[in-house]
Amino acid sequence: MTPALGRQLQQTGNGAAGRGMLQPRHTGFELKTGLALTWLGTNSGTPTLERNVSCTLVRLPGAVQMVDCGEGTHRQLLALEKSMDLAEIDGIFITHLHGDHCFGVAAALAVLDRAKAAGQSDPARRRHHLYGPPGLSVSSNAAMEIDTHT
């Protein structure tokens, strides 16, 4: 792990025993390309009290996207809300349809919708974009109205 990455991940609790909880926070870890990453979850399988499942926030010049959205990601977004405007998040990319990569979509979209609604009264401008493999729209459209791109 590089020193910059170590600073990006603030660990609390007994991390040596694998029980520390990674707290999402924006610390300015950025590559010269303008790419900045925040890991909101790096655990596999199921979320635990200490660690969330797959989710990475990707910041590029002019765009903020999430890659994967496992169950419990909404809690990480609420924690991140203290250091960034969640309305900046443009969309969610789902890599595949395993639960630890997509079961958090509905709850995360509810959090993101609340953030966008606070600054935008026009419902058409509050739409969310969800990108992923075929089959994703079946479950996500049942949860809430969103734009899907498969």
Under the Karplus relation with 6.51, -1.76 and 1.60 and θ = phi - 60°, whole-Hz ³J(HN,Hα) for segment 84-97, x at Gly and Pro, equal 8, 7, 5, 5, 6, 6, 8, x, 10, 9, 9, 6, 6, 8
Taking R0 as 22 Å and r as the Cβ-Cβ distance between residue 137 and residue 35, the FRET efficiency 1/(1 + (r/R0)^6), rounded to the nearest 0.05, comes to 0.20
Residue-ordered couplings for segment 42-50, obtained by feeding phi - 60° into the Karplus form 6.51 cos²θ - 1.76 cosθ + 1.60 and rounding to whole Hz (Gly and Pro as x), are 9, 7, 10, x, 9, x, 10, 5, 8
Counting every C-alpha pair in segment 45-137, the percent lying more than 20 Å apart is 32 percent
Long-range share for segment 31-95, i.e. C-alpha pairs more than 16 Å apart as a percent of all pairs, stands at 44 percent
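The numbers here are math on the coordinates, done by the rules we state, and not lab data. Please read all numbers here as calculations on a predicted model, not as lab measurements. A quick note on method: Cβ atoms are made from the backbone with ideal geometry, for glycine too, and the neighbour counts reach across all protein chains shown.
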